[in-house]
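To start, the structure under review is shown below, and the notes come after it.
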Amino acid sequence: MGLLDKLSGLLGLKKKEVHVLCLGLDNSGKTTIINKLKPSNAQTQDIVPTIGFSIEKFKTSSLAFTVFDMSGQGRYRNLWEHYYKEGQAIIFVIDSSDRLRMVVAKEELDILLNHPDIKHRRIPILFFANKMDLRDAVTSVKVSQLLSLENIKDKPWHIWIGETQSHVADK
Ligand SMILES: Nc1nc2c(ncn2[C@@H]2O[C@H](COP(=O)(O)OP(=O)(O)OP(=O)(O)O)[C@@H](O)[C@H]2O)c(=O)[nH]1
Ligand SMILES: [Mg+2]
C-alpha cells in the first residue's frame, strides 16, 4: 500500500477526489515530501524553494489527489487562506529540528485553526514531524506539545514522523 493510500485510510477520506493542502513554514520539507510520492522516474533531484504554490496530481487505485504545495515563505503565507475552502485535508509539515521557529509554526497553525473557512469544519489534519534524521530534532511527542496539538478536539488529526513515516500517535 502506497503512502497516499495509507494517508487516505488514516484521514478517513471517503471521496473519490481529494484536494489536499500542504502547509507549513518554509524549509520544513513540503516539496521534498510531495516529490517522494512521485514515481521514481518523475522525481526531481533538485528541490528549490516554492514560489507561490504548485499543484501536483496523484492517483491511487481508489482516489485522485490534487495536492496544493504552498510556499511557506512569509511573503506567500497569505496565499494559504484562499485555498482553505476547497481543501478537504491538510498536511501540516514541521521541521522538527527548527526549535527556534517552532513558535512561528504554532502561530501559523493557530491562525489556520481559527480561520472561518477551517474553524467549524471537521477537516482532517496530518501533522508531519519532518527532518527526524537531524541531530537537533525533537521527538514527535515534543512537537505535539510545542504545537499544543492536544487542544485540537474537533478535527481528526494524526502526527507522523518523517523519514520512516511511521504512525506514532493519533486522535
Ligand atoms: N535532513 C533533512 N533535510 C530535509 C528533509 N526534508 C527536506 N529536507 C531539506 O530541507 C530543505 C527544504 O525542503 P523543501 O522541500 O524545499 O521545503 P518546503 O517546505 O517546500 O519550503 P518552501 O517551498 O520554501 O515552503 C531542502 O534542502 C531539503 O533537502 C528531511 O527529512 N531531512
Ligand atoms: Mg516547497
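So LYS15 passes all but one of these: (1) touching a residue at least 60 places away in the same chain (Cβ under 8 Å); (2) within 16 Å of the chain's Cα centre (by Cα); (3) away from ligand 2 (no atom under 16 Å from the Cβ). Which condition number does it fail?
Only one criterion in (1) touching a residue at least 60 places away in the same chain (Cβ under 8 Å); (2) within 16 Å of the chain's Cα centre (by Cα); (3) away from ligand 2 (no atom under 16 Å from the Cβ) is unmet by LYS15, namely (2).
May I ask you to verify whether LEU109 is closer than 15 Å to LEU23 by Cα, surrounded by 19 or more Cβ atoms within 10 Å (Cβ to Cβ) and out of contact with any Gly (no Cβ under 7 Å at 6 or more places or on another chain)?
Numbers: closer than 15 Å to LEU23 by Cα: yes; surrounded by 19 or more Cβ atoms within 10 Å (Cβ to Cβ): yes; out of contact with any Gly (no Cβ under 7 Å at 6 or more places or on another chain): yes.
In short, yes.
Would you please list the contacts, defined by Cβ atoms under 7 Å and residues six or more apart or on different chains, that run from a residue in region 91-115 that is in contact (Cβ under 8 Å) with a residue 60 or more places away in the chain to a residue that is of a type in the set (Ser, Thr, Tyr)?
So the pair list comes out as VAL93/SER28; ILE94/SER28; ASP95/SER28.
Would you tally the residues in region 8-51 being within 8 Å of ligand 1 (Cβ to nearest atom) and at pLDDT below 90?
0
Considering only region 46-57, state which residues are in a strand (DSSP E or B), within 16 Å of ligand 2 (Cβ to nearest atom) and not polar (S, T, N, Q).
First, pick out the residues of region 46-57 that are in a strand (DSSP E or B): 53-57.
The next check asks that each one be within 16 Å of ligand 2 (Cβ to nearest atom); those that pass are 53-56.
Across region 46-57, the qualifying residues are PHE53, ILE55, GLU56.
Consider SER166 against the criteria (1) at pLDDT 95 or above; (2) exposed (fewer than 13 other Cβ atoms within 10 Å of the Cβ): it satisfies all of them except one. Which criterion is unmet?
It is condition (1) that SER166 fails.
Of all residues being buried (at least 17 other Cβ atoms within 10 Å of the Cβ) and more than 16 Å from ligand 2 (Cβ to nearest atom) in region 80-91, which is farthest from GLY24 (Cα to Cα)? Just the residue, please.
GLN88
So in region 134-149, with the set limited to residues that are part of a loop (DSSP other than H, G, I, E, B) and touching a Ser or Thr at 6+ places or on another chain (Cβ under 9 Å), which one is surrounded by the most Cβ atoms within 10 Å (Cβ to Cβ)? Before the answer, list the steps.
Here is the first cut: in region 134-149, the ones part of a loop (DSSP other than H, G, I, E, B) are 134-139, 147-148.
Remaining after also requiring touching a Ser or Thr at 6+ places or on another chain (Cβ under 9 Å): 134-139.
Numbers: LEU134: 13, ARG135: 5, ASP136: 10, ALA137: 21, VAL138: 18, THR139: 13.
By that ranking, first place goes to ALA137.
Quick one: how many residues across region 61-115 are over 12 Å from the mean Cα position of the chain (by Cα), part of a strand (DSSP E or B) and hydrophobic (A, V, I, L, M, F, W, C)?
2
Restricting attention to region 57-79, and to residues there that are surrounded by 17 or more Cβ atoms within 10 Å (Cβ to Cβ) and within 11 Å of ligand 1 (Cβ to nearest atom), which single residue is farthest from THR32 (Cα to Cα)?
Step by step, filter region 57-79, then rank; the result is ARG77.
Suppose we keep only residues that are within 14 Å of ligand 2 (Cβ to nearest atom) and assigned to a helix (DSSP H, G or I) within region 19-44. Which one would you say is surrounded by the fewest Cβ atoms within 10 Å (Cβ to Cβ)?
The selected residue is LYS36.
For region 87-112, what are the residues that are at pLDDT 95 or above and in contact with a helix residue (DSSP H, G or I) (Cβ under 7 Å, 6 or more places away or on another chain)?
PHE92, VAL93, ILE94, SER96, MET102, LYS106, GLU108, LEU112
The values are calculated or read from the model by the stated rules, or taken from the named source; none is laboratory data. These numbers come from a predicted model, not from an experiment. Glycine gets a Cβ as well: all are built from the backbone with ideal geometry, and neighbour counts include every protein chain shown.
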